[in-house]
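Here the structure is laid out as structure tokens; the discussion comes afterwards.
The values are calculated or read from the model by the stated rules, or taken from the named source; none is laboratory data. In this text, all values refer to a predicted model and were calculated from it rather than measured experimentally. Neighbour counts are summed over all protein chains in view; Cβ atoms, including those assigned to glycine, are modelled from backbone coordinates with ideal geometry. Keep in mind that these areas ignore ligands, DNA and RNA; they rest on the heavy atoms of the full protein, side chains included. Shrake-Rupley method; radii C 1.70, N 1.55, O 1.52, S 1.80 Å.
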Amino acid sequence: MFERELNSAPGSYRKGKTAFSALLSWQAAAVLATLLVCSALLPAADKKGKNAPAAPDPATQRVGVDISLLVWPNPPAIARIRFLDMYTGEKVDWDALAQKPKKPKQTWMDRMAGAQPAADQKIKIPFQLIRVYGVAVDSKGFIYAADEGVDAIFIFNPETKDVQLIRNGHEGRFGLINGLAIDDNDRLFVTDGKLHKVMVFNAKHEQEGSFGADALIRPGGIAIDKENRFVYVVDAEADQVVVFDADSYKLLRRIGVSGKKHTLTAPGTFSLPTNVAVSNDGIVYVTDTLNNRVESFDADGNFIREFGKIGDGPGRFSRPKGVAVDCDGHVWVVDGVLQRVQVFDSEGRLLIYFGGQGPLPGQFQEAYGIAIDKQNRVVTSELYPGRVQVFRYVTDAEAEQEKKKRAAEGENPVAPKASAQSATAAPKDSAPATVSTAASH
């Protein structure tokens, strides 16, 4: 099992050109602030460059520091979460945006008529994430992000960094997209809160159908039980989780009680639920947002347990949003107010947490969604401004193997020697405080 290392984070649109420019300005300011903070972490070179550090790997160099060194819990403990990457939208050619378009030549006819020639150069403004809700990953490892601000689903290729789009009015028709889920055949399920339904796209990103328009009011989070062939859709307005057949799309049952206007607190009921996830053994986890708890159910919809209370301490919630389950059955919960991700065992015992308010890697600003793929990558989303971060979950088996390796080498299995690099991986003024509550697996 996870070593219970309670760990805080490291030092941790309007549409149109005006909004885009404002977003770029914000992102530029955030990047500059990040560079200023991270520059303090790098050893200063003397005049002869004797103390200059070796050039880092470009694949992991993003913000002036080698982000591959960002891990949780803090070194020298065995890492269980590693930072991998972040995405903010299509690639931006800053040099091209900074250049002024060349003024076209004015013909003698234009001069006589007093007319100005039309500009013959147009700068393509790349799409950037604005307000990201649901995230998902397909079998090829592509990362999907539902952006309500752009009215599009971004598809990121982690290998090439290329971006595809499923756009409103082009590849699909959207009202207010929210949740995303992908099945074994790479069919994409998209919830739309304005159109009151779930849309289904095939592996070629062509819409092939929809369902739920007669059963859903404001669908949000969505999850697929690939073994039992169920689709779970959270209806936030109805305070229910609606269950459909994954193949016929037939309505099967509802979990929760509707019509009480977010006032119910009893176990098995919801007050503005937000997201849902399914474990490998068919256990369903739902974030009951206004009740600041997570509830679990079996595959037949029977209530199992709840965990979480309102508060800002470890294990407490202040508006839980995204939820996901890893390959070892641990439950990952995103907190939209506390700006952190907490990881629990299946019975609700806190194992580790990370995050904090800010724009740096491993920090969050209006955190919302989360998804975990078969490669143990953890994908999170943020709303203001839009951003997707990717982490790597170190499994129980991998951690146990590392523990045995350190023991064989004569090191403390839980507290190995820390390298100089790992000691400077996070900003000094925001290094995580670690509280160990159990050191054994």
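Here's the yes/no breakdown for (1) closer than 24 Å to Phe230 by Cβ; (2) open to solvent by less than 60 Å² (accessible area, probe 1.4 Å); (3) assigned to a loop (DSSP other than H, G, I, E, B); (4) hydroxyl-bearing (Ser, Thr, Tyr):
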residue: Ala146; (1), (2), (3), (4): yes, yes, no, no
residue: Ile153; (1), (2), (3), (4): yes, yes, no, no
residue: Pro158; (1), (2), (3), (4): no, yes, yes, no
residue: Ile166; (1), (2), (3), (4): no, yes, no, no
residue: Asn178; (1), (2), (3), (4): yes, yes, no, no
residue: Asn185; (1), (2), (3), (4): yes, no, yes, no
residue: Leu195; (1), (2), (3), (4): yes, no, yes, no
residue: Val198; (1), (2), (3), (4): yes, yes, no, no
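Applying a threshold of 6 Å to beta carbon distances and a minimum spacing of six or more residues, or different chains, the list of pairs starting in region 385-411 at a residue that is within 30 Å of Glu366 (Cα to Cα) and ending at one that is modelled with pLDDT of 95 or more and of a type in the set (Phe, Trp, Tyr) reads Val388/Tyr87; Phe391/Phe83.
For region 398-420, give me each residue that is among the polar types (S, T, N, Q) and modelled with pLDDT of 95 or more.
Of everything in region 398-420, just one residue is among the polar types (S, T, N, Q) and modelled with pLDDT of 95 or more, namely Gln401.
Any residue that is β-branched (Val, Ile, Thr), out of contact with any Asp or Glu (no Cβ under 6 Å at 6 or more places or on another chain) and open to solvent by 10 Å² or more (accessible area, probe 1.4 Å) - is there at least one of those in region 235-254? Looking through region 235-254, none of the residues is β-branched (Val, Ile, Thr), out of contact with any Asp or Glu (no Cβ under 6 Å at 6 or more places or on another chain) and open to solvent by 10 Å² or more (accessible area, probe 1.4 Å).
For Ala136, the conditions (1) at pLDDT below 95; (2) closer than 25 Å to Thr287 by Cβ all hold with the exception of (1). Filter region 269-286 down to the residues that are surrounded by fewer than 16 Cβ atoms within 10 Å (Cβ to Cβ) and among the small types (Gly, Ala, Ser) and list them by number. Selection gives Gly282 alone. Kindly provide the set of residues from region 333-348 that are over 14 Å from Gly313 (Cβ atoms) and assigned to a loop (DSSP other than H, G, I, E, B), ordered by number. Matches in region 333-348: Gly336, Gln339, Asp345, Ser346, Glu347, Gly348. Scanning region 357-377 for residues that are over 15 Å from Asp335 (Cα atoms), modelled with pLDDT of 95 or more and of a type in the set (A, V, I, L, M, F, W, C) yields a single hit, Ile372.
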